[in-house]
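Take a look at this one; I'll ask things after.
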Amino acid sequence: MIVKVNNLVKRYKELLALDHLNLEVKEGEIFGLLGPNGSGKSTAINCILSLLKYDKGEINIFDKPMGPDAYDIKKDIGVVMQDVAVFEELTVYENIDYFCGLYITDKLKRKELVEEAIEFVALNDYKKFYPKKLSGGLLRRLNIACGVAHKPKLLILDEPTVAVDPQSRNNILSGIKKLNQEGVTIIYTTHYMEEVEQLCDRVAILDKGKTVALGTKEELKAMIKIGEKITVEIFNLSSSSLEKIRELSTVDKAEYRENTLVIRSKKGKNNIVRIIEFLNDHNIEFGKIYSELPTLNDVFLEITGKELRD
Amino acid sequence: MFNHIFITRIKCLLRDKQLVFWSLMFPIVLATLFKVAFSNISASEVFKTIDIAVVNSKYYQENVGFKGAIDGVSKEGKDKLFNVTVTNEKNAEELLKNSKIEGYIYLNPEVNLVVKSEGLNQTVIKTFLDDYKESASAIGTILASNPKAEHANLVKAATTFKEYTKEISPSKGKPNTTFNYFYALIAMTCLYGGFSGLKEITDIQGDLSKRAARINMAPVHKMKMFIYSLCAAFLIQFNEILIVLGYLHFALKIDFGNQLAYILLLSFVGCATGISFGTMISALIKKSEGLKVGILISTTMIGTVLSGMMYANIKYLVEKSIPILAYINPAALITDGFYTLYYYNNHQRFFINISILTLLSVVFCLTTYFIIRRQKYASL
């Protein structure tokens, strides 16, 4: 195991931020920590990195106990914090060079690595720019470059795409994929389930400091009872018709709001066909109709009773 | 690793415009303003010849000695003491009433002075008359006992003052009451090194900034980071002090005496105290950087005001009424260090100041160390 967290408990006075958290991250995977704001993702990361004191538990990285003085472990870890953590007084190049230099003492090697990192985040045209001259997206890319320049074996990214434009987000996500393909193990925390869906091999869903679900995306989705989500555009649906739809054997839940009928189907085949048949049989006119497979949000919703972004 | 961290920290400190303003530009601007203000004060303190009147009477005309004395101090030249108007009593009274003269003298036959208020000029006139009376009395007594004595030599001997002691300043510096203001200003500049110290701690203490949290994740010992960063801060601050000293000495002509090695030693220790004070403030106060800067500025300003930057005599008042405050106020110690180098002929007090400053620096550093050595934080 690259990272092993056992029974981690962290309190902020009365607030239980991490409640006997258990995690295992395997070598070479992208491990997602998914949860709403305040679920304990960043706290977990900061404890894993030995930045935060914790009340109980054990943390091992590369099969060694992690601690503030574990420099042999730290040299192989890269961190990209949630907030941009760079020096305003240094240029893009100097920032990356400084952080890389804390890990790599050989000047020539460092120069190569810094150039590679700049290439990696596509900041070649901004090498001599100071951070305050960069847009939010470019700043995030600089933040990432500072964390990856020394080529860590384990990279921890704490919500690196918050407040980032779609273009920069895609750039960041594809970069993370690329790093993983090069052999870097990645822990990725986010509250954007789309990113987890796109990136992660395995996911731990956190809520109130606890792991509420853990597994591959497929395993998580298989855990829940709903199959697909069917959305139908209907301009006029009577409450009696809605009741009849709810009574269908394939329907778990149905809601009608603002000319849109949303049906959460039970697991099974041909659910959408049955709905279309029902609408036709009852002469209910409808417009667009489409089906979506369950998402991690559905998993979270079913387990906790709330949306990921609540 | 030392070079890497040291050079980067120097870049960060030099490119921080706010820091450079407070630690270098502000003292230079303030010193210039002091110089302009004190030049006007000096001009106002230049001695001006005093306007007096002497009532022209038969006693005055007959008193050859007094007439000679008045002529002597109203002769054109650098020793001219009085502008003398010889007039009648009524006119003299009128001149005094209209403040055209500071006082008038009449003889009846005794020498008398009439003034309408008390003040420095009136005291000068009175002192002159007292001296005259004393000398005239001495000459009269000698002539009575020895009528053969030569009058001219007697007058010369009685009116000539001879110094039997000689003042020697080890620094060969002339006393100047305004220098203390500049010494206090240098003390303020030394203590403004606290800004660098504050910044350095903010950048290595994980619960103070995100940058520091990232740096804490690097495989570099925190104490190494602390020491290397402080070296950079010290180099910058010491050079800034040298620039300020150079500006004061060469541009504003402020005299520091001729003991350059001791001046550098004092600046060196002063910088160390200032920087370590800033590190302690930064480590102790877990609030916003703005608040820390505010606390640093206010404590430094209070310290320098108490060391005489705004009113020179306050330094002596503090030393007299609350001596302990003078001993724990780094600004007062630095100011006093420069003062003793300029005026004193031994270094005992100077080294007491240096020792206390060193002790304070050690206390500030140790306090910082005990706070930042905690390597995990309760919250970030």
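Computed from the coordinates by the stated procedures, all read-outs in this text should not be read as laboratory data. None of the values given here were measured: they were computed from a predicted structure. FYI the Cβ positions are ideal-geometry reconstructions off the backbone, even for glycines, and counts take in every protein chain you see.
Take the Cβ-Cβ distance between B:ILE7 and A:GLN167 as r, set R0 to 41 Å, and report the resulting FRET efficiency rounded to the nearest 0.05. If you can, show how the numbers build up before the last one.
Values: r = 35 Å, r/R0 = 0.86.
In this case the efficiency is close to 0.70.
Relative contact order of segment A:225-293, please, whole-number percent, based on alpha carbon pairs below 8 angstrom and at least 6 residues apart. Please report the intermediate quantities before stating the final value.
Details: 111 pairs, mean separation 32.7, N = 69.
Once divided by the residue count of segment A:225-293, the mean separation gives 47 percent.
Can you list residues from other chains, or at least 5 along the same chain, whose modelled amide H is less than 5 Å from the amide H of A:THR260?
Sorted by chain and number, the residues that satisfy this are A:ILE234.
Which three extents, in whole angstrom, do the alpha-carbon atoms of segment B:206-293 cover along their principal axes, largest first?
49, 28, 19 Å, listed from the longest principal axis down.
Would you calculate, for chain B, the mean residue ellipticity at 222 nm contributed by helices, counting each DSSP H stretch of 4 or more residues as -39,500 (n - 2.57) and dividing by all residues, to the nearest 500?
Working: 18 runs with 248 residues, N = 380.
That calculation yields -21000 deg cm²/dmol at 222 nm.
Per residue of B:310-320, how many C-beta atoms from partner chains lie within 10 Å of its own C-beta, taken as a mean? It would help to have the intermediate numbers written out before the result.
Values: counts 0, 0, 0, 0, 0, 0, 0, 0, 0, 0, 0.
Going residue by residue through B:310-320 and averaging, the value is 0.
Next question. Once amide H atoms are placed 1.01 Å from N in the peptide plane, what residues at a sequence separation of 5 or more from B:GLY103, or on another chain, have their amide H within under 5 Å of its amide H?
Amide H neighbours of B:GLY103: B:ALA53.
Could the peptides B:240-248, A:39-47 be put in order, highest first, of the mean number of other beta-carbon atoms found within 10 Å of their residues? Spell out each step's value before the answer.
On the way: B:240-248: 19.2, A:39-47: 24.3.
The most tightly packed comes first, giving A:39-47, B:240-248.
Within the set B:LYS48/B:LYS75; A:LYS75/A:LYS107; B:LYS286/B:LYS315, which residue pairs have Cα atoms separated by over 21 Å? List each step's numbers first, then the result.
On the way: B:LYS48/B:LYS75 14 Å; A:LYS75/A:LYS107 17 Å; B:LYS286/B:LYS315 33 Å.
Checking Cα-Cα distances, B:LYS286/B:LYS315 exceed 21 Å.
Expressed as a rounded percentage, what relative contact order does chain B have, with Cα pairs under 8 Å and six or more residues apart?
Details: 472 pairs, mean separation 73.8, N = 380.
Relative contact order comes out at 19 percent.
Rounded to the nearest Å, what's the spacing between the alpha carbon centres of segment A:114-133 and segment B:55-74? Just the number, please.
The two parts, judged by their Cα centres, are 92 Å apart.
Taking just the C-alpha trace of segment A:3-221, give me its Rg and Dmax in Å.
17.0, 51
Okay, moving on. Compute the helix-to-body angle for A:166-181: its Cα long axis versus the longest principal axis of chain A, expressed 0 to 90° and rounded to tens.
70 degrees
Given the peptides A:93-99, A:153-159, arrange them by the average over their residues of other C-beta atoms within 10 Å, most packed first. Each step should come with its number before you reach the end.
Working: A:93-99: 25.1, A:153-159: 22.4.
Sorting A:93-99, A:153-159 by mean packing, highest first, produces A:93-99, A:153-159.
Still on this model: Antiparallel DSSP bridges in the protein assembly as shown: what percent, to the nearest 5? Please list the in-between numbers first.
Values: 40 of 68 bridges.
Here the share of antiparallel DSSP bridges comes out near 60 percent.
When a/c is below 1.5 the answer is rounded, else prolate if a/b is larger than b/c, else oblate, so apply that to segment B:50-159 with a ≥ b ≥ c taken from the square roots of the Cα gyration tensor eigenvalues. Write out the running numbers ahead of the final one.
Working: a/c = 2.16, a/b = 1.79, b/c = 1.20.
Note, shape of segment B:50-159 comes out prolate.
My understanding is that a pair violates if its Cα-Cα distance is over 21 Å; which of A:LYS151/A:LYS210; A:LYS13/B:LYS376; A:LYS109/A:LYS153; A:LYS109/B:LYS222; A:LYS10/A:LYS225; A:LYS13/A:LYS41 do that in this structure?
Numbers: A:LYS151/A:LYS210 31 Å; A:LYS13/B:LYS376 16 Å; A:LYS109/A:LYS153 17 Å; A:LYS109/B:LYS222 24 Å; A:LYS10/A:LYS225 33 Å; A:LYS13/A:LYS41 18 Å.
As for pairs spanning more than 21 Å Cα to Cα, those are A:LYS151/A:LYS210; A:LYS109/B:LYS222; A:LYS10/A:LYS225.
Taking each full run of DSSP H in chain B as one helix, which ones are at least 20 Å long along their axis (Cα atoms) and have mean Kyte-Doolittle hydropathy of at least 1.6?
Details: long enough: B:26-44 (27 Å, 1.41); B:120-145 (38 Å, 0.22); B:222-246 (36 Å, 1.40); B:260-284 (36 Å, 1.83); B:289-306 (25 Å, 1.32); B:348-372 (36 Å, 1.73).
Membrane-span-like by this rule: B:260-284, B:348-372.
For A:TYR12 and A:ASP201, what does the FRET efficiency come to when R0 = 45 Å and r is the distance between their Cβ atoms, rounded to the nearest 0.05?
Values: r = 31 Å, r/R0 = 0.69.
So the FRET efficiency works out to roughly 0.90.
Would you mind checking the tilt of helix A:107-120 against the longest principal axis of the Cα atoms of chain A, expressed as 0 to 90 degrees and rounded to 10?
20 degrees
Would you mind classifying the protein assembly as shown by shape? Square roots of the alpha carbon gyration tensor eigenvalues, ordered a ≥ b ≥ c; an a/c under 1.5 is rounded, otherwise it is prolate if a/b is larger than b/c and oblate if not. Could the numbers behind the result be given before it?
Numbers: a/c = 4.35, a/b = 3.01, b/c = 1.45.
The shape class here is prolate.
Which value in nm describes the separation of the simple spin-label points at B:THR358 and A:GLU88, placed 7 Å from the Cα toward the beta carbon?
Computed distance between label sites B:THR358 and A:GLU88 equals 3.8 nm.
Given H placed on each backbone N at 1.01 Å, which residues far from A:SER50 in sequence or on other chains put an amide H within less than 5 Å of it?
Under 5 Å from the amide H of A:SER50 lies no amide H from a residue far enough along the sequence or on another chain.
Here's another thing I want to ask about it. Give a residue-ordered list of calculated ³J(HN,Hα) values for segment A:232-243 (Karplus: 6.51 cos²θ - 1.76 cosθ + 1.60, θ = phi - 60°; whole Hz; x for Gly, Pro).
Karplus values, whole Hz, x for Gly and Pro: 10, 8, 10, 7, 8, 10, 6, 5, 5, 5, 4, 4.
Mind jotting down the distance between the C-alpha centroids of segment B:298-355 and segment A:175-206, whole Å?
With segment A:175-206 and segment B:298-355 each reduced to a Cα centre, they are spaced 62 Å.
At 222 nm, what helix-only mean residue ellipticity would chain A give, in deg cm²/dmol to the nearest 500, using -39500 (n - 2.57) for each DSSP H run of four or more? If you can, show how the numbers build up before the last one.
Working: 11 runs with 108 residues, N = 310.
Dividing the helical sum by the residues of chain A leaves -10000 deg cm²/dmol.
Sort B:CYS12, B:CYS271 so the one with the fewest other Cβ atoms within 10 Å of its own Cβ comes first. Spell out each step's value before the answer.
Working: B:CYS12 24, B:CYS271 29.
Going from sparsest to densest Cβ surroundings: B:CYS12, B:CYS271.
Just add up the charged neighbours of B:ASN88: K/R +1, D/E -1, any other residue whose Cβ is under 14 Å from the Cβ of B:ASN88. Each step should come with its number before you reach the end.
Values: positive: B:LYS58, B:LYS90; negative: B:GLU89, B:GLU93, B:GLU94.
It works out to a net charge of -1.
Another question about this same structure. Once you put a point 7 Å from the Cα of A:LYS132 and another 7 Å from the Cα of B:TYR316, both along the Cβ direction, what distance in nm separates them?
A separation of 4.7 nm, rounded to one decimal place.
Also, quick follow-up: Could you give each residue of segment B:51-61 its phi-based ³J(HN,Hα) in whole Hz, using Karplus coefficients 6.51, -1.76, 1.60 with θ = phi - 60°, and x for Gly or Pro?
Taking θ as phi minus 60°, the curve returns 7, 9, 10, 10, 6, 7, 9, 5, 5, 5, 5 Hz for segment B:51-61.
Over all distinct alpha-carbon pairs, what is the Kirkwood Rh of segment A:225-293 in angstrom?
Working: mean 1/r = 0.0851 Å⁻¹.
For segment A:225-293, the Kirkwood estimate is 11.7 Å.
Mind giving me the nanometre distance, one decimal, between the label points for B:VAL114 and B:ASN153, set 7 Å out from Cα along Cα→Cβ?
Output for this residue pair reads 4.2 nm.
Calculate how steeply helix A:136-148 sits against the longest principal axis of the alpha-carbon atoms of chain A, using the helix alpha-carbon long axis, and give the answer as 0 to 90 degrees to the nearest 10.
60 degrees
From the phi of every residue in segment A:274-287, what ³J(HN,Hα) in whole Hz does the Karplus formula 6.51 cos²θ - 1.76 cosθ + 1.60 yield, where θ is phi - 60° and glycine or proline is x?
Karplus values, whole Hz, x for Gly and Pro: 4, 5, 4, 4, 4, 5, 5, 4, 9, 6, 9, 6, 9, x.
Give the aspartates and glutamates reachable from B:LYS199 as a straight Cα distance under 14 Å; neighbours fewer than 8 places away on the same chain don't count.
B:LYS199 reaches A:GLU88, A:GLU89, B:ASP16, B:ASP207, B:GLU289.
Most mobile of A:GLU14, A:GLU243, A:GLU195 per a Gaussian network model of chain A (Cα springs, under 10 Å)?
Result for chain A, Cα springs under 10 Å: A:GLU14 fluctuates most.
Pull up the DSSP beta bridges for segment A:111-234 and report the antiparallel fraction as a percent, rounded to 5. Don't skip to the end; give the middle numbers.
Working: 6 of 11 bridges.
Approximately 55 percent, going by the DSSP bridge assignments.
Highest mean first, how do A:135-146, A:69-80 rank when packing is the count of other Cβ atoms within 10 Å averaged over residues? Mind showing how you got there, number by number?
Values: A:135-146: 22.4, A:69-80: 19.3.
Peptide ranking by packing, descending: A:135-146, A:69-80.
Kindly list the residues of segment B:322-337 that lie in the label zone of B:LEU265, defined by a backbone N under 13 Å from the point 7 Å along the Cα-to-C-beta vector.
The answer is B:337, whose backbone nitrogens lie closer than 13 Å to the label point.
What does the charge count near A:LEU237 come to, summing +1 for each Lys or Arg and -1 for each Asp or Glu among other residues with Cβ under 14 Å from its Cβ? If you can, show how the numbers build up before the last one.
Values: positive: A:LYS244, A:ARG246, A:ARG257; negative: A:GLU233, A:GLU243, A:GLU255, A:GLU258, A:GLU285.
Here the count lands on -2.
Sticking with this one: Could you work out the relative contact order of chain A? I mean the mean sequence separation of Cα pairs under 8 Å and 6+ apart, divided by the number of residues, in percent.
Numbers: 581 pairs, mean separation 62.1, N = 310.
Relative CO of chain A lands at 20 percent.
Average partner chain C-beta neighbours within 10 Å, per residue of B:205-216? Numbers along the way, then the final one.
On the way: counts 0, 6, 2, 0, 2, 7, 11, 2, 8, 14, 4, 6.
Taking the mean over all residues of the peptide, I get 5.
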